[in-house]
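The values are calculated or read from the model by the stated rules, or taken from the named source; none is laboratory data. The model shown is predicted, which means the values in this text are computed figures rather than measured ones. In this analysis, Cβ positions are derived from the backbone assuming ideal geometry, glycine residues included, and neighbour counts consider all displayed protein chains.
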Amino acid sequence: MHVTAFGLHRLEATAPWGAISQKDTEEKATRPGKKVSPTDLAHFAMISRGNCWLSVEGIPEPIPLTGGDCFLLARGTSIVLRDSPRTRPRWSFHEIAAKAYSNVVHHGGGGAPTSIVCGSMSFDRASLKPITQLLPSFILMKADQARTHALHITMQALASEMAEDAPGSEVVATRLAEVLFIQVLRAHIASAPERNKGWLRAIFDPQIGSAFSAIHDRVNAPWTVESLAEAAGMSRSAFAARFKALLGQAPLEYVTEWRMQKAMQLLEQRDKKLIDIARSVGYESDAAFSKAFKRVVGTNPSEYLNRGFEDLG
């Protein structure tokens, strides 16, 4: 996982105030001339002062938030954030963010104050599918949870780097954004392991997790269902059935997808020959690799690289 860009601002809101985020508004410009990237996958916020109410699509009751609480959203998750459940939101978050001056936005009617640090993260293309599989639509971390202290420290450091135009601030802030994202996911996993599904549930399964580790450590190995079952300490049939029950796909389908994820990362480095990339992910010829790459990714390696240049433009 690699964060390629992020936006951060502080919302200084005074009652009454309300803001809404919906899927269709995410395609609008957040600032003049800047479109939301299709690689924007995560939005986060932390209440640094005051109180507010959060309504999340799919959750029937509004959630009260106070200082130190933070949450993370997958792209496309609709929410409403406001001073009271009775307040009608009149602005979208993107309209409010477009008014930011020096990364600070003032919004509301002049009453009780609330301060919220808000941001969004973009990820490189190779990270998109794994993060989509990993990231729940909504994660809430209350201030009194054990791992929240580390989040506060990272958020404060991130805000400090964004406030100072010092040499290297952008590099440091990007790394801190990655750390913040990992900390939120780690805290979420630790807070309710029984609710983990899909990839998370599989990787923490003692037997299937052993097979995962083997695949990830030796992506270029000539894996078969039999050899993966052996790594898991299971029979072939029991392994294949349990793997598909947890992941929703066959073991060798996952192996191929993981190889292509690694290949995308190597391609984006732009310093290796195609045959070297092919061999590093388990293919003896660039033709066989290109065929598998197009089947999984939807485009051949050279087209994938060209699209990357277009994105940069």
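Points to keep in mind about this one:
- The set of residues in segment 201-235 that are among the aromatic types (Phe, Trp, Tyr) and in a helix (DSSP H, G or I) contains only PHE212.
- Hits in segment 52-94 (condition: of a type in the set (Lys, Arg) and assigned to a loop (DSSP other than H, G, I, E, B)): ARG75, ARG86, ARG88, ARG90
- With respect to (1) farther than 19 Å from PRO62 by Cα; (2) modelled with pLDDT under 85, the lone exception for ALA143 is condition (1).
- The set of residues in segment 104-120 that are out of contact with any Gly (no Cβ under 9 Å at 6 or more places or on another chain) and not in a strand (DSSP E or B) comprises GLY109, GLY110, GLY111.
- Residues in segment 259-274 that are in contact (Cβ under 8 Å) with a residue 12 or more places away in the chain and part of a helix (DSSP H, G or I): ARG259, MET260, GLN261, LYS262, ALA263, MET264, GLN265, LEU266, LEU267, GLU268, LEU274.
- Taken over segment 38-72, residues that are at pLDDT below 95 and within 20 Å of LEU180 (Cα to Cα) amount to 18.
- Scanning segment 164-215 for residues that are at pLDDT 75 or above and more than 20 Å from the chain's Cα centre (by Cα) yields a count of 15.
- Flag if ARG75 is more than 21 Å from HIS188 (Cα to Cα) and either at pLDDT below 95 or in contact with a Leu (Cβ under 7 Å, 6 or more places away or on another chain) (or both): no
- ARG279 being among the charged types (D, E, K, R), over 21 Å from ARG218 (Cβ atoms), more than 21 Å from the chain's Cα centre (by Cα) and assigned by TED's automatic domain parsing to the domain that holds GLU230: no
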